[in-house]
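Here's the structure, in C-alpha cells; my notes come after.
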Amino acid sequence: KEFPYDSAPKKQTGLRLLTLPLKDRRFLLTIAFPVVWNYIVAIVGQYFSIYLLENVKMSYSLISLGGFFSMPAAILAAPLWHRALQKHAWPKLLALGLLGNSLAYICNAFITTNTLYIYFFCIICGTFFDVCLNNIHSNLIYLHMPEASRTAYFSLYSILVLVAKFLGNNTGILFIQLTDPLHFRLLGFDIGNKQAISFLSAALFISLAV
C-alpha cells in the first residue's frame, strides 16, 4: 500500500508568470496609489528647480542647503510616523500625508527673492509628510503580493512606476508648453506657469486624498 503524498505545486513559468500580476485585481488596486503618486510628483519635474535658478535667482549652494534642513526633519519625523501608523489606520494617515504634501507644493509657488524662508519651510514640510507617504508605500506594495511570485509582482510594479514617471514628466512638459504666456497675480504675488504647475500637482494630491 502506497502512502499518500502531497504533490508539489507547479511553478509558474514564461509568459504566464509575467502576466500573473495583471490578473490579480487586489494587487493592482493596492499599487494604484503609489503609481499615481509617482505620476503626480513627476509632473513638476525639473521646472521647480528651473524656477528657483532663473526666476528667483537662487544659487546652487542655497538650493543644496535645503537638503541640509531635510535631514533633521526626516530623522525627527520617522519615529513620529512610525508610532502614528501603529495607532491609526493607514488610509487616514495617507490622506493626511497627501494634504500636507499639497501644502508644500502650494507654498512653492510663492517663493521669491523676498520670501526665501518659504523655500526652507517647504523643504521641512514636504520632507516631514514624505516620510509618512514613503512608510505607507514601502508596506502597501507588499500587502497583496504573494510570496511565491514576488519577483514577477515587483517587476510589474517597477515597470508601472517608470511608466507613471514618464507620463508625469510629459504631462509637465505639455502643461508648460500650453501655458507659456500664463501670468497672473495671486495674494500679491506674480504667478507664472512654472509656479502654476505646482498648483496643478497640489490639486491632484488633494483629489487623491479625498
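The values are calculated or read from the model by the stated rules, or taken from the named source; none is laboratory data. Just so it is clear, the structure is predicted and the values come from calculations on it, not from any experiment. Here Cβ is always computed from backbone atoms with ideal geometry, including for glycine, and neighbour counts include all displayed protein chains. Surface accessibility is based on the protein's heavy atoms, side chains included, excluding ligands, DNA and RNA. Shrake-Rupley method; radii C 1.70, N 1.55, O 1.52, S 1.80 Å.
For region 26-67: of the residues being aromatic (Phe, Trp, Tyr) and over 23 Å from Leu200 (Cα atoms), which is most open to solvent (accessible area, probe 1.4 Å)? It comes out as Tyr60.
Close Cβ contacts (under 9 Å, 6 or more residues apart or on different chains) running from residues in region 155-166 that are closer than 15 Å to Thr30 by Cβ and of a type in the set (Val, Ile, Thr) to residues that are open to solvent by less than 40 Å² (accessible area, probe 1.4 Å) and at pLDDT below 95 comprise Val161/Ile31; Val161/Pro34; Val161/Val35; Val161/Asn38.
If we scan region 145-152, do we find a residue that is part of a helix (DSSP H, G or I) and under 17 Å from Val41 (Cα atoms)? Checking region 145-152: not a single residue is part of a helix (DSSP H, G or I) and under 17 Å from Val41 (Cα atoms). If you scan region 138-159, which residues turn out to be closer than 22 Å to Ile206 by Cα and surrounded by 19 or more Cβ atoms within 10 Å (Cβ to Cβ)? Within region 138-159, Ile141 is the sole residue that qualifies. Just one of the numbered conditions (1) closer than 24 Å to Thr171 by Cα; (2) not in a helix (DSSP H, G or I) is not true of Pro34: (2).
Scanning region 198-210 for residues that are in a helix (DSSP H, G or I) and either open to solvent by 40 Å² or more (accessible area, probe 1.4 Å) or at pLDDT 90 or above (or both) returns Ser198, Phe199, Leu200, Ser201, Ala202, Ala203, Leu204, Phe205, Ile206, Ser207, Leu208. Scanning region 161-199 for residues that are aliphatic (A, V, I, L, M) and over 13 Å from Tyr47 (Cα atoms) turns up Val161, Leu162, Val163, Ala164, Leu167, Leu178, Leu182, Leu186, Leu187, Ile191.
Inclusion of Ala202 among residues that are closer than 21 Å to Ser49 by Cβ and not polar (S, T, N, Q) is warranted. Has region 182-195 got any residue that is part of a helix (DSSP H, G or I) and open to solvent by 20 Å² or more (accessible area, probe 1.4 Å)? Scanning region 182-195, I find at least one residue that is part of a helix (DSSP H, G or I) and open to solvent by 20 Å² or more (accessible area, probe 1.4 Å), so the answer is yes.
Among the residues of region 110-125, those that are surrounded by fewer than 20 Cβ atoms within 10 Å (Cβ to Cβ) and either touching a strand residue (DSSP E or B) at 6+ places or on another chain (Cβ under 9 Å) or free of Cβ contacts under 8 Å to residues at least 60 places away in the same chain (or both) comprise Phe110, Thr112, Thr113, Asn114, Thr115, Tyr117, Ile118, Phe120, Phe121, Ile124, Cys125. In region 85-104, the condition of being in a helix (DSSP H, G or I), of a type in the set (Ser, Thr, Tyr), open to solvent by less than 50 Å² (accessible area, probe 1.4 Å) and more than 24 Å from Thr30 (Cα to Cα) is met by no residue.
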